[in-house]
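To start, the structure itself, in structure tokens.
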Amino acid sequence: MGQIKRGALIVFEGVDKSGKSTHCKKLVEALENFKIKAKFMSFPDRSTLTGKLIDNYLRNKECQLDDHAIHLLFTANRWEKVDQIKSLLNDGVTLIVDRYSYSGIVYSAVKKNMDLNWCKQPEIGLPKPDMVFLLSISQEEIMVRPGFGSERYEHREMQEKVADMYLQLSRECDNWEVINTARSIEDVQDRTCEEMCREN
Ligand code: FDM
Ligand code: MG
């Protein structure tokens, strides 16, 4: 019996309203057209035990929670899915994931009194992505997208810091590709597919 080739773990990162989920879903479709088994996943998964607490924290701006505590909840939300992630990858399914550890690190580390190195620690041991696509987009553009401003982190000051820290991380890692979303969605799609097929 032939061995099943492990699926790839592909992550999309970027500021709020940068179009990550649209791109993820389009990439899943495109891969399926190439007969590559693919599945969409996103974090935070608001349906789980920790996900419900996270959802409340994000939507209810009055909710008081220590920054370390919410950081650990976001990480726990990924650890809750670790068995599922590993077993899908081992079954040869490529996972296209909307946000992962880097969202966890970046959105926490830009806060006052939060240490970047501390923020990275609870992520250690989670499956490592094969490829990270960072969607780059202007602040002006995200701020006029429908729904911007409805959740806790959706304000200019935070989003600018997040965008800067993402770029900083992208320079430290060699499996990141920065994609400028000013290009058409089809263009971005072609670019991501090209990169994926090179990997396979
Ligand atoms: N976010 C997301 C974090 O702060 N940490 C995390 O680990 C993750 C996965 O939650 F502002 C932030 C990023 C965003 C918010 O994410 C909700 P979505 O993608 O808009 O649902
Ligand atoms: Mg959002």
Report, in debye and to the nearest 20, how large the dipole of the range 9-199 comes out about its Cα centre when Lys and Arg carry +1 and Asp and Glu carry -1 on their Cβ.
380
Computed over the Cα atoms of the chain, what is the ratio Rg over Rh, Rh following Kirkwood?
0.95
Three-way shape call for the range 122-200 based on the alpha-carbon gyration tensor, with the a/c threshold at 1.5
oblate
Taking the range 45-200 and dividing mean pair separation by its residue count, relative contact order in percent (alpha carbons under 8 Å, at least six apart)
23
Between the alpha-carbon centers of the range 141-200 and the range 109-131, tell me the distance in whole angstrom.
18
Run the simple label-point estimate for GLN168 and GLU194 please: 7 Å along Cα→C-beta, distance reported in nm.
3.1
Amide H contacts of ARG145 (H built 1.01 Å from N, under 5 Å, at least 5 apart or other chain)
none
Per residue of the range 107-121, in order, report the coupling 6.51 cos²θ - 1.76 cosθ + 1.60 (Karplus, θ = phi - 60°) as ³J(HN,Hα) in whole Hz, putting x for Gly and Pro.
5, 7, 5, 6, 6, 4, 6, 10, 9, 4, 5, 4, 5, 6, 4
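Kindly provide the helix-only [θ] at 222 nm of the chain, computed as the sum of -39,500 (n - 2.57) over DSSP H runs of four or more divided by all residues, to the nearest 500 deg cm²/dmol? Walk me through the intermediate numbers first.
On the way: 9 runs with 98 residues, N = 200.
Here the helix-only value at 222 nm equals -15000 deg cm²/dmol.
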Calculate one ³J(HN,Hα) per residue across the range 48-56 by plugging θ = phi - 60° into the Karplus curve 6.51 cos²θ - 1.76 cosθ + 1.60, and present them in order as whole Hz with x for glycine and proline.
8, 3, 6, x, 5, 5, 5, 4, 5
Given a Förster distance of 35 Å, the FRET efficiency implied by the Cβ-Cβ spacing of SER47 and ALA182, rounded to the nearest 0.05, works out to 0.55
Selection from ILE185, GLY92, LEU169, by position along the positive dipole direction of the range 89-200 (Cβ):
LEU169
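So if each residue of separation counts as 0.36 nm, and I subtract the Cα-Cα distance between LYS86 and LYS5, what length gain in nm does that give? Each step should come with its number before you reach the end.
Numbers: separation 81, 0.36 × 81 = 29.16 nm, distance 1.31 nm.
Result: 27.9 nm gained on full extension.
FYI, it's all coordinate maths here, none of it is from the lab. Not measured: the values here are computed from a predicted model. When we count neighbours, we look across all protein chains shown, and the Cβ atoms used for this are built from the backbone with ideal geometry, even at glycine.
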